[in-house]
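Novice: Let me give you the structure first, and then I'll get to my questions.
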Amino acid sequence: VRIPSAAAAAAQPPAAMDRDGRPGWLTSLGLAFLSFNSGMAIYRSIHDPYAVAFIVVAYIALILLFRCLHLLERNAPGRRGRGLKATVWGLATLLTVMFSYKSCRSGARSSSGPWGCSPPAQASTPSSSRARRSPEATTHLSLDFSQSTMSVEICNLHDIFYKNHNEMNRGLQGDMNEHESLVAACKQADVVISAVGHRGPEDLEDGQLKIVAAIKEAGNIKRFVPSEYGCDVDQAGEEQEAAVEPARSILLAKHRVREAVREAGIPHTFICSYWAHGFVLPRLGDPQIDAPPTTKVTVFGDDKTRVIFVHEKDMSMLVMRAVEDPRTLNKILYVRPPANVCSFSHLVSLWEDKIGRSLDKYHMPQEELLKRIQESPFPLNFQLAMVHATVAAGVCDQAINESTGVEATQLYPDFNFATVHDYMDSLLLAAHPHLINHPTTTA
């Protein structure tokens, strides 16, 4: 091995290590690059089931680091340089293996981009479906697509589905835009739970009908839960004169999906869980704001308006019960916990009681609400339109036909629902801990 003289080393400053043995800028850059991408792999593994791209980048960073360390050895020969190289190389390899393993193990986890969840994926992102084989006899195929911009409960349904089924260990892949792959995934499952979002009625209907076609061709699905989780769209279809756009078109699209499911003879359960805690309660029923009001608040409807609120986790757990329950086969499951039935006006009064002071209330007339709907972009116009459907058409006050529907609190009397009181106490504790003036209250 030819060792350059001190004069030659001084004439050509090392890129990877200074003459006194400290790492130079190139080694530092390689380490920083590896650390950044490894950190991103951890972050993305939590929210994205496919962290492969980040793992690849991390390995590229490792290759660059190897090159840096090669330069280090060449420019700083001797025991000291070799020892530093071995230490850095060992740590880098350990970190890369650990982060890559973490990313692979987290592949079953998912994220979508509903109203109150993580940012929505771009529409150009390929839509894919994911499932896991559980030790039980039933295999659940939960479909979650990247164009999802629907509602917060859909996002949390998919996340909580996997949190409560973390023993699932075999993945099924399918693409909504590739019929054959979706059919292949369905053939390996027994239950399909859809969490498909939309940016309009066309997206919703087209996506759901592709799933229906795949299930029909597969021919082995024992239960299908389409993506609804709102009001009963069958009855809402009879109230279309009161519903306004874009809610009207979206409700009709969901109704047509139901008809397609029934015509195809697919075993199904339709879930009506109305308003989600995580979206509406922090806003006190006002989609125009993102946090609980502290001085002024807009009130929709009056004290007689019936509104039903269901926690996202409760909704997802009930879905998991329902798909295994023969009593919900080909039925509509209504989720109506009595403690979570109140008006938007009562929500404001409850918040005032919890913060210990009154708010300046503005009761918005229906004429102004209709104008706001027309002037607002999507999805705010849809959210406001559903508020209008709630206070004007009474979509939360629909009757249950015993021949076609069942009620969750009657089927599962042991189920402990999270109440509006409890949720708002936790919300207050998180946002304004100094305002807590009494212990948690349960309704």
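Novice: Residues that are under 24 Å from GLY200 (Cα atoms) and within 27 Å of the chain's Cα centre (by Cα): find the helices (runs of 4 or more DSSP H) completely inside segment 328-438 holding 3 or more of those.
Specialist: Where helices (runs of 4 or more DSSP H) fall fully within segment 328-438 and carry at least 3 residues being under 24 Å from GLY200 (Cα atoms) and within 27 Å of the chain's Cα centre (by Cα), they are 380-388.
Novice: From the list ARG256, ARG199, pick out the single residue that is touching a residue at least 60 places away in the same chain (Cβ under 8 Å) and of a type in the set (Lys, Arg).
Specialist: Answer to the check: ARG199.
Novice: Would you be able to say whether some residue in segment 260-268 is in a helix (DSSP H, G or I), of a type in the set (D, E, K, R), modelled with pLDDT of 95 or more and farther than 16 Å from THR328 by Cα?
Specialist: Looking through segment 260-268, at least one residue is in a helix (DSSP H, G or I), of a type in the set (D, E, K, R), modelled with pLDDT of 95 or more and farther than 16 Å from THR328 by Cα.
Novice: Give segment 222-238 a look and list any residue that's outside any helix (DSSP H, G or I) and either surrounded by fewer than 21 Cβ atoms within 10 Å (Cβ to Cβ) or polar (S, T, N, Q) (or both), or say none.
Specialist: Once the filter is applied, which keeps residues that are outside any helix (DSSP H, G or I) and either surrounded by fewer than 21 Cβ atoms within 10 Å (Cβ to Cβ) or polar (S, T, N, Q) (or both), segment 222-238 yields LYS222, SER227.
Novice: Looking at this structure, is GLY207 among the small types (Gly, Ala, Ser), modelled with pLDDT under 90 and farther than 30 Å from PHE417 by Cα?
Specialist: Against the criterion (among the small types (Gly, Ala, Ser), modelled with pLDDT under 90 and farther than 30 Å from PHE417 by Cα), GLY207 qualifies.
Novice: From the list SER181, SER194, SER134, SER151, which one is at pLDDT 65 or above, of a type in the set (Ser, Thr, Tyr) and either surrounded by fewer than 21 Cβ atoms within 10 Å (Cβ to Cβ) or more than 23 Å from LEU329 (Cβ to Cβ) (or both)?
Specialist: SER181
Okay, residues lined up against (1) loosely packed, with under 14 Cβ neighbours inside 10 Å; (2) under 21 Å from SER194 (Cβ atoms); (3) modelled with pLDDT under 90:
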{"site": "ARG283", "(1), (2), (3)": "no, no, no"}
{"site": "ALA291", "(1), (2), (3)": "yes, no, yes"}
{"site": "VAL297", "(1), (2), (3)": "no, no, no"}
{"site": "ASP303", "(1), (2), (3)": "yes, no, yes"}
{"site": "MET315", "(1), (2), (3)": "no, yes, no"}
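Novice: Is it true that GLU205 is in contact with a helix residue (DSSP H, G or I) (Cβ under 8 Å, 6 or more places away or on another chain), part of a helix (DSSP H, G or I) and more than 30 Å from MET424 (Cα to Cα)?
Specialist: Yes, satisfied.
Matching residues to (1) on the phi > 0 side of the Ramachandran plot; (2) crowded, with 20+ Cβ neighbours inside 10 Å; (3) not small (Gly, Ala, Ser):
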| position | (1), (2), (3) |
| --- | --- |
| ARG336 | no, yes, yes |
| SER343 | no, yes, no |
| LEU347 | no, yes, yes |
| ASP353 | no, no, yes |
| SER358 | no, no, no |
| GLU367 | no, no, yes |
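Every residue, every condition in (1) more than 29 Å from PRO326 (Cα to Cα); (2) at pLDDT 85 or above, yes or no:
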{"position": "GLU167", "(1), (2)": "no, no"}
{"position": "ASP175", "(1), (2)": "yes, no"}
{"position": "GLN188", "(1), (2)": "no, yes"}
{"position": "TYR229", "(1), (2)": "no, yes"}
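The values are calculated or read from the model by the stated rules, or taken from the named source; none is laboratory data. Keep in mind the model is a prediction, meaning the values are calculated, not measured. Quick reminder, even Gly has a Cβ in these numbers, built from the backbone with ideal geometry, and neighbours come from all protein chains shown.
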